[in-house]
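First comes the structure, then the notes that go with it.
The values are calculated or read from the model by the stated rules, or taken from the named source; none is laboratory data. Given the structure is predicted, the values throughout are model-derived calculations rather than measurements. Ideal geometry is used to build each Cβ from the backbone, glycine not excepted, and the neighbour counts take in all protein chains shown.
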Amino acid sequence: MEQSLTSRAVLVPMLLLGCMAPALGQERPASSSEAGATNIDDFEMGTPEADKVNPPESRDERSPFTRDSRFSGQLRSFYFNQENFNHSREEAWTTGGSLAYRSGYFADFVRVGAVAYTSQRLWAPECCGGTQLLQPGQKAYTTLGQAYGEIKFDQRLAAAFGRKEYSTPYISGNDSRMTPNTFEGVSAYGSAGGQDGAPAWRFGGAYISKIKERDAEDFVSMSAAAGAKVNRGVYAAGGRFEYGGFALGAFNYYSADIINIFYSEARYRMPLGGGNTLTVRTQFTDQRSTGDDLLTGKAFATRQGGVKADLSHGAALLTVGYTKNANGADLQAPWSAFPSYTYSQVEAFSTAGESASMVRAAYDFSKLGAKDVSAYALLVAGGGIKAPNYNNNELDLNVQWAPKDGEWRGLSLRLRYAYVTQQGGGNPDTKNIRLVLNYDFPNR
């Protein structure tokens, strides 16, 4: 059964890519990163600027704090159904979303913002919790997940305090359920260079004391979220350099007596002519216990290395990737999605000693008559795990409709399917289905 799945799943992306060839000159498809995962290109510690409603020549004489205030929101409905190896089932259908406010700057120096989130139960059998769409016991929740202030020192340097979302490889929103992770702390961030083709820098540092996890109302200490029965925060610092097609970034996360995580990633993008672009990436993670080893009660250290190549041609994107984990311990990602290149819809492929090989094919069907429809097929084959444990293979299929303009702009509908098999063990296969509907309200 496993060999049959592997051979079929390898053929699916290759056949899909073959169907792509006649359609040239279309927009490049989306990133090959898994939903919720943050690579170094997505590094963001600030709050992205809202669309300018009032142009510079506007005669609006109100205070910028009021004039530039923005309200926005998102409606979200999510259906999740998973059949597990142990015969259990996780299932729920929810609705909810978020409502956000951000002020303009007061005295061109400080602004405030807040985001409220909710996830309400439409249908959720009591027997089938664990989807992370609802709280334990299939309970609905509503929470003020962000309440922050931002200070602008100049156009290139800023700071933030309070509760907000960050986007770094190991501290991020991981927004792949009803609501994202958000964090409590203080941070400073900025940028330099980048004008007229010059080298560009982005950098930031933070002390993060607490996290509100995706299916939670309340904030808990970062160490408690990682699994330790103490209260510790995380010091994080890093940055990204980019020049031409080359980018290099690194981030370090240190939690006293808990864990230190170092992550680095390099990327090089090169045009090949004929509408082709090749992007090659490498990543490296080092994780180890710190101080009194309170996370597991003993010292540990482990590493992961990975490589990924994206070949884009018009509306097509073909990706291959590989990761290898050291034998020291399982890798951990307690405050984000796992940034590994082989991280998938169900499996993280983060077990000690595990290796994983990935192939993915994506296509945007807009110029074939299915406007704003895109799809991808992905296979990850695991290896290196020895008995009594088992290696897994995962096949993912994804179809999305996301209008870029017109009356449906802001709406997206996404269907995701995953099929996971174990190489031995006699357990049933795991199947995962997700249907996600989003509607983003424009800034007003």
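Observations on the structure shown:
- Residues of region 349-368 that turn out to be touching a Ser or Thr at 6+ places or on another chain (Cβ under 7 Å), assigned to a loop (DSSP other than H, G, I, E, B) and either farther than 21 Å from Asn325 by Cα or among the charged types (D, E, K, R) (or both), as a count: 1
- Listed by position, the strands (runs of 3 or more DSSP E) contained in region 369-444 that have at least 2 residues being among the small types (Gly, Ala, Ser), in contact with a His (Cβ under 8 Å, 6 or more places away or on another chain) and more than 25 Å from Val320 (Cβ to Cβ) form an empty set.
- Test for Phe85: is it outside any strand (DSSP E or B) and either over 21 Å from the mean Cα position of the chain (by Cα) or modelled with pLDDT of 95 or more (or both): yes
- Tally, over region 407-428, of residues that are of a type outside the set (Lys, Arg) and over 20 Å from the mean Cα position of the chain (by Cα): 12
- Scan of region 261-287 for residues that are over 30 Å from Met222 (Cβ atoms) and assigned to a strand (DSSP E or B), ordered by number: Tyr268, Arg269, Met270, Pro271, Leu272, Gly273, Asn276, Thr277, Leu278, Thr279, Val280
- Of all the listed residues (Gly249, Gly227), the sole one being touching a strand residue (DSSP E or B) at 6+ places or on another chain (Cβ under 9 Å), closer than 25 Å to Ala35 by Cβ and either modelled with pLDDT under 95 or of a type in the set (Gly, Ala, Ser) (or both) is Gly249.
- In the set Thr296, Thr323, only one residue is among the hydroxyl-bearing types (Ser, Thr, Tyr), closer than 23 Å to Asn389 by Cα and in a loop (DSSP other than H, G, I, E, B); that residue is Thr296.
- Top-ranked residue in region 174-219 [being among the charged types (D, E, K, R) and part of a strand (DSSP E or B); ranked as nearest to Gln155 (Cα to Cα)]: Arg202
Yes/no per residue for (1) basic (Lys, Arg); (2) under 23 Å from Val420 (Cβ atoms); (3) buried (at least 16 other Cβ atoms within 10 Å of the Cβ); (4) free of Cβ contacts under 8 Å to residues at least 12 places away in the same chain:
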position: Phe284; (1), (2), (3), (4): no, no, no, no
position: Arg288; (1), (2), (3), (4): yes, no, yes, no
position: Gly291; (1), (2), (3), (4): no, no, no, no
position: Gly321; (1), (2), (3), (4): no, yes, yes, no
position: Asn325; (1), (2), (3), (4): no, yes, yes, no
position: Phe338; (1), (2), (3), (4): no, yes, yes, no
position: Thr342; (1), (2), (3), (4): no, yes, yes, no
position: Ser350; (1), (2), (3), (4): no, yes, yes, no
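- Filter pass, Tyr268 being out of contact with any Pro (no Cβ under 8 Å at 6 or more places or on another chain), of a type outside the set (D, E, K, R) and over 16 Å from Ala352 (Cα atoms): yes
- Verdict on Lys386 being surrounded by fewer than 18 Cβ atoms within 10 Å (Cβ to Cβ) and free of Cβ contacts under 8 Å to residues at least 40 places away in the same chain: yes
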